[in-house]
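Peer 1: Let me begin by handing over the structure; questions about it come next.
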Amino acid sequence: QVQLVESGGGLVQPGGSLRLSCAASGFLFSMSAMSWYRQAPGKERELVASIISGGRTNYADSVKGRFTISRDNAKNTVYLQMNSLKPEDTAVYYCHIDIRRRDYWGQGTQVTVSS
């Protein structure tokens, strides 16, 4: 079955960096588009970044120039490098894939940006 397991979250000061990882299994990872979403308390879940099989990427305006999504097809893993973090980046971050119009989510990893 499809499994997505996130890791790498934590507490970081404003201006700091974190790298999230999402280990995937149960589907053909190398041919799949992968995404990172986030959900802050009291807010709707929003798309942060996505990457297609060919490597083309897309970012929310709020993270452009600060976050980088990448993938390692040999490891079935997608990453989110987050730099220059701000308090408003505080959220639970989720890995996501759409397979035949069905959404699959990881369990989420908490990112807290605070001094």
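Peer 1: Go through (1) open to solvent by 50 Å² or more (accessible area, probe 1.4 Å); (2) modelled with pLDDT of 95 or more for Arg71 and report which single condition fails.
Peer 2: Looking at each condition in turn, Arg71 falls short on (1).
Peer 1: For the range 56-68, which positions are charged (D, E, K, R) and surrounded by 13 or more Cβ atoms within 10 Å (Cβ to Cβ)?
Peer 2: Selection gives Arg66 alone.
Peer 1: Of the residues Arg38, Arg71, Arg45, Arg66, which single one is farther than 21 Å from Leu4 by Cβ, within 14 Å of the chain's Cα centre (by Cα) and in contact (Cβ under 8 Å) with a residue 12 or more places away in the chain?
Peer 2: Matching residue, one of Arg38, Arg71, Arg45, Arg66: Arg66.
Peer 1: I would also like to ask the following. Going through the range 1-22 one residue at a time, which ones are open to solvent by 40 Å² or more (accessible area, probe 1.4 Å) and within 16 Å of the chain's Cα centre (by Cα)?
Peer 2: Gln3, Val5, Ser7, Ser17, Arg19
Peer 1: Of Ser53, Ser25, which residue is surrounded by 13 or more Cβ atoms within 10 Å (Cβ to Cβ) and over 16 Å from Leu85 (Cα atoms)?
Peer 2: Just one listed residue meets the conditions, Ser53.
Peer 1: Would you pick out the residues in the range 77-91 that are buried (at least 18 other Cβ atoms within 10 Å of the Cβ) and not hydroxyl-bearing (Ser, Thr, Tyr)?
Peer 2: Across the range 77-91, the qualifying residues are Val78, Leu80, Met82, Leu85, Asp89, Ala91.
Peer 1: At least 3 residues that are farther than 22 Å from Thr112 by Cα and not hydroxyl-bearing (Ser, Thr, Tyr) in each: list the strands (runs of 3 or more DSSP E) lying fully within the range 1-101 that qualify.
Peer 2: The qualifying strands (runs of 3 or more DSSP E) are 91-99.
The values are calculated or read from the model by the stated rules, or taken from the named source; none is laboratory data. Nothing here was measured: the structure is a model prediction, and the numbers come from that model. Reconstructed Cβ throughout: ideal geometry from the backbone, glycine too, with neighbour counts over all protein chains shown. For accessibility, only protein heavy atoms count, side chains too; no ligands or nucleic acids. Shrake-Rupley method; radii C 1.70, N 1.55, O 1.52, S 1.80 Å.
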